[in-house]
Amino acid sequence: EDLNRFQIMKIHPAILVTSLTDYLLQISALAPVTKFFDIDIIDWERTDTSTLSVDEALKVKGDFSLNFDLMMDHPKKVIKKLLNDERVKYIIINLECKDNISELIDLIHHYKKMAGISLNPDNNFKDVLRFIKLIDIVQIYTVEPGKQGGSFIKSRLDLIDSIKKAGFNGLIEIDGGVNFKTIDLIKTFPIDIISVGSTLSKADNPLQAYENLKKEILN
């Protein structure tokens, strides 16, 4: 049972950086243990944080799966670049973006990629319900998005039950606050992907931190 759980719950390093140098360093540090990376791109009014651009993020060389979490007011302006890169497997649009979300989902699917919606801590289940039958991934922010190292909001995990009961058969991902203190609670929920930021990026030994987190999921 534990083995099956880990086969379902995958660890994706979340990369939220402002410089290309830090971006390449974080990917190279964890490339020996994973080929799946969640790239956070921030360009919105919700926070004053901004990150490296999509153009910079796509400069990395290697056989990786680059999954983009677009915390953007207007993701439409960058989506075409992502759709033309075969390494990009899925694209997540924030629920509060100012572009037409349904049109973006259709565009992503036209290019045979997976489309997702991310929910901020102040969004509720009803906010995402109208997209449930259109998307492949629901991502739940379990911290206030925009920076790493925020406090884990465990009550956000309660959304998972509502999403499942609504008939959603896609992937459920949580992003934020995943660490060695919160993983015991997290692993009791039917989550497919945990997007992990500072627990890996700020570790003295990111490889060891990844392996230790993997062991915690199995225990």
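The values are calculated or read from the model by the stated rules, or taken from the named source; none is laboratory data. Treat the numbers as computed from the prediction; the structure is a model and nothing was measured. Ideal geometry is used to build each Cβ from the backbone, glycine not excepted, and the neighbour counts take in all protein chains shown. In case anyone asks, the SASA skips ligands and DNA or RNA and just uses the protein heavy atoms, side chains included. Shrake-Rupley method; radii C 1.70, N 1.55, O 1.52, S 1.80 Å.
Could you check what % of the DSSP bridge pairs in region 70-219 are antiparallel, to the nearest 5? Kindly include the intermediate steps, with their values, before the conclusion.
On the way: 0 of 18 bridges.
Of the beta bridges lying entirely in region 70-219, close to 0 percent run antiparallel.
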Rounded to whole Hz, the Karplus (6.51, -1.76, 1.60) HN-Hα couplings of region 95-108, x for glycine and proline: 4, 9, 5, 9, 8, 6, 5, 4, 5, 5, 4, 4, 5, 4
Given springs between every Cα pair under 10 Å in a Gaussian network model of the chain, which of Thr188, Thr199, Thr51 has the largest fluctuation? Thr188
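Quick one: of Lys76/Lys202; Lys147/Lys215; Lys112/Lys215; Lys98/Lys164; Lys77/Lys214; Lys80/Lys215, which pairs are farther than 30 Å apart, Cα to Cα? Before the final figure, lay out each step's value.
Details: Lys76/Lys202 32 Å; Lys147/Lys215 26 Å; Lys112/Lys215 34 Å; Lys98/Lys164 27 Å; Lys77/Lys214 36 Å; Lys80/Lys215 38 Å.
From the list (Lys76/Lys202; Lys147/Lys215; Lys112/Lys215; Lys98/Lys164; Lys77/Lys214; Lys80/Lys215), the Cα-Cα distance tops 30 Å for Lys76/Lys202; Lys112/Lys215; Lys77/Lys214; Lys80/Lys215.
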Could you give the dipole magnitude of region 42-100 about its Cα centre, charging the beta-carbon of Lys and Arg +1 and that of Asp and Glu -1, in debye to the nearest 20? 240 debye
Mind checking the per residue accessible area of the chain for me, 1.4 Å probe, whole number of Å²? 48 Å²
Expressed as a percent, the accessible surface of the chain that is carbon or sulfur, using a 1.4 Å probe and the full set of protein chains, is 50 percent
Under a 5 Å amide H to amide H cut-off, with H placed in plane at 1.01 Å, what residues pair with Leu58 once short-range neighbours are removed? none
Which entry in (1) 0.95; (2) 1.03; (3) 1.45 matches Cα Rg over 2.2 N^0.38 Å derived from the coordinates of this structure? (1)
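Apply 1/(1 + (r/R0)^6) to the Cβ-Cβ distance of Leu207 and Ser65, taking R0 = 22 Å, and write down the FRET efficiency to the nearest 0.05. Display every interim value, and only then the final one.
Working: r = 18 Å, r/R0 = 0.84.
After rounding to 0.05, the efficiency reads 0.75.
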Could you run the Karplus curve 6.51 cos²θ - 1.76 cosθ + 1.60 with θ = phi - 60° over region 30-38 and give me ³J(HN,Hα) per residue in whole Hz, x for Gly and Pro? 10, 4, x, 10, 8, 10, 10, 10, 9
